[in-house]
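Okay, so here's the structure we're looking at.
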Ligand SMILES: Cc1cc2nc3c(=O)[nH]c(=O)nc-3n(C[C@H](O)[C@H](O)[C@H](O)COP(=O)(O)O)c2cc1C
């Protein structure tokens, strides 16, 4: 497990203050230590107890409060921070920092830290476009401060335009890549499969599975963060495309097979996280099957075993499979590793509701041919991806 990093979160007095809770919750899942500083105005929007509970640390808001320990709080936090994130950021804080004002715990800590500071603004569109605010943003950027810009959309005040806080997922992704800027895969070609496949029955019906693509997309993101050249072959899912990935969309097992085989030769690492259908209907009905009073029996036949095929024709590639099992996890995963000539297999127990399919977290055991299984704690899927690549890259 990598060393725990500390992020100091500044929460300011905007309507989006409650959204900082989601950011903190996600950072905690990534094993990041979080300390929260709230401005006086922020206290009007969200009760500090929520931040205290999620961060598992006392929330600081009063600079002149009786100290709890013999350390000067704003200096202590400024030193402790590996990164300082202000979420949401008001026009007021931008203006204060840009002009050297340090009149509360947050602005003083920002002034006292040498850690990177990132602002995630959220405000009314006219406020955001105000020339003074824009000039202050430009000034802060010139000083080396980073911004996660607001997106456009319907704002809390009813106006439509730029000013909406960036999504928690995106914010956390940016923070994690700043905290752990590992670039140990520069130039490595990685092929990732993700999501489900579908097997059509007739023009309107198909069978599929519960895969959401979250794990595969997290793997693609992590590989990109580490500098890899990533091709993501994705079944139908709603995950946001990782910036920088070449994405090939497929629906069926056959389409997945064609895309994977086409890209296999040039690939260094293949991570097969997609839940590819093992069976398909024996006969596809080109016209819609009409409803009748009778029962409907559909015969299924085996579809391509793509991973086995890759294992058989493997040359230089490192091949990683996933085993989603509801029983005899280790036994079944080990058998799959050997049968398909894989280098690693990531086994997860899908019988638990809070991990695996569709969940944000996963609890996996990584098996390899020559090493004993590595059981990871329950963690966010991006962190599972990070642990997996750390293991693979150590032995490459
Ligand atoms: C209901 C309400 C919502 C507000 N929302 C925002 C906002 O989204 N963004 C912003 O910059 N200011 C917003 N403000 C104004 C700030 O609260 C005000 O500028 C305050 O002084 C900010 O203090 P702080 O920057 O120290 O937290 C809002 C004010 C109120 C009363």
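Its DSSP H runs of at least 4 residues, each contributing -39,500 (n - 2.57), put the calculated 222 nm mean residue ellipticity of the chain at -9500 deg cm²/dmol, to the nearest 500.
Counted residue by residue at 0.36 nm each, then reduced by the alpha carbon distance between them, the extension gain from residue 341 to residue 375 reaches 10.1 nm.
Take the alpha carbon atoms of the range 195-223, find their center, do the same for the range 143-172, and report the distance between the two centers in whole angstrom. Each part's Cα centre sits 30 Å from the other's.
Provide the FRET efficiency to the nearest 0.05 for the residue 162-residue 237 pair, computing r from the beta carbons and using R0 = 30 Å. So, using R0 = 30 Å, E works out to roughly 0.60. Seen through its C-alpha gyration tensor, with square-root eigenvalues sorted a ≥ b ≥ c, the range 119-259 comes out oblate because a/c lies at 1.5 or above while a/b is not bigger than b/c.
Rounded to the nearest 10 degrees, the angle from helix 381-395 to the longest Cα principal axis of the chain is 70 degrees.
Taking other C-beta atoms within 10 angstrom as a stand-in for reagent exposure, 32, 204, 364, 270 fall in the order 204, 32, 270, 364, fewest first.
Please work out whether the range 189-395 counts as rounded, prolate or oblate from its C-alpha gyration tensor, where a ≥ b ≥ c are the square roots of the eigenvalues and a/c under 1.5 means rounded, while otherwise a/b larger than b/c means prolate and anything else oblate? Prolate, because a/c is 1.5 or more and a/b exceeds b/c.
Panel order for 25, 211, 292, by other beta carbons found within 10 Å of each beta carbon, from fewest to most: 292, 25, 211. Length gained on full extension, residue 184 to residue 283, computed as 0.36 nm times the residue gap minus the Cα-Cα distance: 30.9 nm. The angle between the Cα long axis of helix 253-264 and the main principal axis of the chain comes to about 70°, on a 0 to 90 degree scale.
Measuring nothing but how far apart in sequence close Cα pairs (under 8 Å, 6+ apart) lie, relative to its length, the chain scores a relative contact order of 11 percent.
Counted residue by residue at 0.36 nm each, then reduced by the alpha carbon distance between them, the extension gain from residue 40 to residue 262 reaches 74.1 nm. Here the label points at residue 249 and residue 129, each 7 Å from Cα along the C-beta direction, are separated by 3.2 nm in the simple model. According to the square roots a ≥ b ≥ c of the eigenvalues of the Cα gyration tensor, what is the shape class of the chain, taking rounded for a/c under 1.5, prolate for a/b larger than b/c otherwise, and oblate for the remainder? Prolate is the answer for the chain, as a/c is 1.5 or above and a/b outweighs b/c. Sorting 118, 132, 374 from the fewest to the most surrounding beta carbons within 10 angstrom yields 132, 374, 118.
Values in this text are rule-based calculations from the coordinates and carry no lab data. Not measured: the values here are computed from a predicted model. Cβ sites come from the backbone with ideal geometry, for glycine too, and all protein chains shown count toward neighbours.
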